[in-house]
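The values are calculated or read from the model by the stated rules, or taken from the named source; none is laboratory data. Just so you know, these numbers come straight off a predicted model, no measurement behind them. Virtual Cβ from ideal backbone geometry, glycine too; neighbours counted across all protein chains shown.
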Amino acid sequence: MSIGEILATARVESGLSIEDVSRETRIRGGLILAIEKDNFTPCGGDVYARGHIRSIAAIVGVDPRPLIAEFDRIHGGVPQPVENPAPTFDPHVAEQAERKRPNWAAAMAVALLVICVIAGFQLVARSSGTNKPSTLSGPTRSSSPAPTQRPTAAPTPAPSNAVAILPQTGVHVRVRLVGSRSWLHVTGSSGQVLFQGILSKGAQRDFADARRIRMTLGNAGAVELIVNGHDLGVAGGDGKVIQENFGPASTSGSAG
């Protein structure tokens, strides 16, 4: 089978459409269809073709290394050493993220204005109280001493290796890197991308959605999953590319 036939067969067996792969990889559907027909001319060069092959293979669950080797054998090129596919930069997503950033300058200005207003009211109140004549006569009653408050003991911190208790609604997935590193792609129930990138050993990410979380792991042996409070352990073997779907009732891998 050719490179395109392998990718097309794996996509169909995974139950994915051209639109599904396009949404996950951000590669145009027409370009994906051309690659499945072994037409790499629209890719714009061998470097881009290799990158598209890696991205599509990661989504449909195929090892990209033999495909890249076959591509270089046919086209006479030498692949660049890329261990994991880099996340695709989308200017539209970057612009939306920039808009969502809080305006700290405006927030500080509003806070300063509120502080000045409160200080002005307090100053006026103190001045009014000083100018009023005293109308009290007779001996002044001594105020009873305030009851002594016993110091409350500080809460005992939870052990560093304890699993945090997540809310009980929806689906909640914790990803913990216990191996070297892994590429990770996570989407929610409405298709929005919750995360896409490479995590190194020791990194930890929490994801939540009302109905469903879908993720693709580039190196399952380096990833430990905790789903809805259940520790599933390592997701798979070293170097394996897997896909997982989790819902509110999921307590194991690929439960849907």
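Is it the case that residue 106 is at pLDDT below 95 and of a type outside the set (Lys, Arg)?
Numbers: at pLDDT below 95: yes; of a type outside the set (Lys, Arg): yes.
Yes: the conditions hold for residue 106.
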Checklist entry - Just wondering, is there one or more residues in segment 240-252 that are on the phi > 0 side of the Ramachandran plot and either surrounded by 12 or more Cβ atoms within 10 Å (Cβ to Cβ) or not acidic (Asp, Glu) (or both)? => result no
Checklist entry - When you look at residue 189, is it assigned to a loop (DSSP other than H, G, I, E, B), at pLDDT below 90 and touching a Gly at 6+ places or on another chain (Cβ under 8 Å), yes or no? => result no
